[in-house]
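Just below is one structure, and these are the notes that go with it.
The values are calculated or read from the model by the stated rules, or taken from the named source; none is laboratory data. It should be emphasised that the depicted structure is a prediction, and the values quoted were computed from it without experimental measurement. Here the Cβ is made from the backbone with ideal geometry for all residues, glycine too, and neighbour counts use every protein chain on show.
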Amino acid sequence: MRFLHTMVRVRDLDASLEFYTKFFGLVEVRRSENETGRFTLVFLAARDDVESVRATQAPCIELTYNWDTEEYTGGRNFGHLAYEVDDIYGFCQGLMDHGIIINRPPRDGRMAFVRSPDGISIEILQKGEALTPAEPWQSMGNTGAW
């Protein structure tokens, strides 16, 4: 058995693609439009996983956009996505610079949480050892749910 992908339904494909590609740095590796089923599937991979995904189709995230209007609730019910980054402080600062709320700041130099435009909880983990706790992160409180 091997992990293939996580599917997340999105309400606004353009906003979600901007979030995942521009702000998170994921790369679109394939896309499929289904006229009959009236949906679009977009598969994204972390930069370090692109070659592996293109060779094996895993691991990646699948954004599912249903063309007909539908309201999705309870995005947190499935848990969360998790990505590791080289510099959690720099990464979180970049997200904040784009107006993205850090729901659980990386006070410990190891872990943070944000939410996608569709309310999906995303865990950000420091690659390797935790960074030394530093300001402004160390004294930041949580915002909303994560």
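With respect to the conditions (1) in contact with a Pro (Cβ under 8 Å, 6 or more places away or on another chain); (2) in the same structural domain as Asn103 (by TED's automatic domain parsing); (3) surrounded by fewer than 16 Cβ atoms within 10 Å (Cβ to Cβ), Glu84 falls short on a single one, namely (1). Evaluating Glu62 against the criteria (1) touching a Phe, Trp or Tyr at 6+ places or on another chain (Cβ under 7 Å); (2) outside the structural domain of Val29 (by TED's automatic domain parsing); (3) at pLDDT below 95 leaves one unmet condition, (2). Check the range 102-111 and report whether any residue there is part of a helix (DSSP H, G or I) and modelled with pLDDT of 95 or more. Scanning the range 102-111 turns up no residue that is part of a helix (DSSP H, G or I) and modelled with pLDDT of 95 or more.
The condition (being in a helix (DSSP H, G or I), touching a residue at least 40 places away in the same chain (Cβ under 8 Å) and more than 18 Å from Ile124 (Cα to Cα)) is satisfied by just one residue among Ala15, Ala58: Ala15.
Residues that are closer than 22 Å to Lys127 by Cβ, more than 15 Å from the chain's Cα centre (by Cα) and surrounded by 14 or more Cβ atoms within 10 Å (Cβ to Cβ) within the range 40-53 comprise Val50, Ser52, Val53, listed in sequence order. Taking the range 95-114 as the range and being touching a residue at least 40 places away in the same chain (Cβ under 8 Å) and within 22 Å of Asp12 (Cα to Cα) as the test, the residues that pass are Leu95, His98, Ile100, Ile101, Ile102, Asn103. Kindly check whether there is at least one residue in the range 74-86 that is out of contact with any Gly (no Cβ under 6 Å at 6 or more places or on another chain), outside any loop (DSSP other than H, G, I, E, B) and at pLDDT 95 or above. Scanning the range 74-86, I find no residue that is out of contact with any Gly (no Cβ under 6 Å at 6 or more places or on another chain), outside any loop (DSSP other than H, G, I, E, B) and at pLDDT 95 or above, so the answer is no.
Set side by side, the residues Glu135, Glu129, Glu123 differ, and just one is among the charged types (D, E, K, R), closer than 20 Å to Ile61 by Cα and out of contact with any helix residue (DSSP H, G or I) (no Cβ under 9 Å at 6 or more places or on another chain), which is Glu123. Taken together, Gly99, Gly109, Gly37, Gly90 contain a single residue that is crowded, with 16+ Cβ neighbours inside 10 Å and not basic (Lys, Arg), which is Gly109. Of the residues making up the range 25-52, those that are in a loop (DSSP other than H, G, I, E, B) and either at positive phi or touching a helix residue (DSSP H, G or I) at 6+ places or on another chain (Cβ under 8 Å) (or both) are Gly25, Leu26, Arg38.
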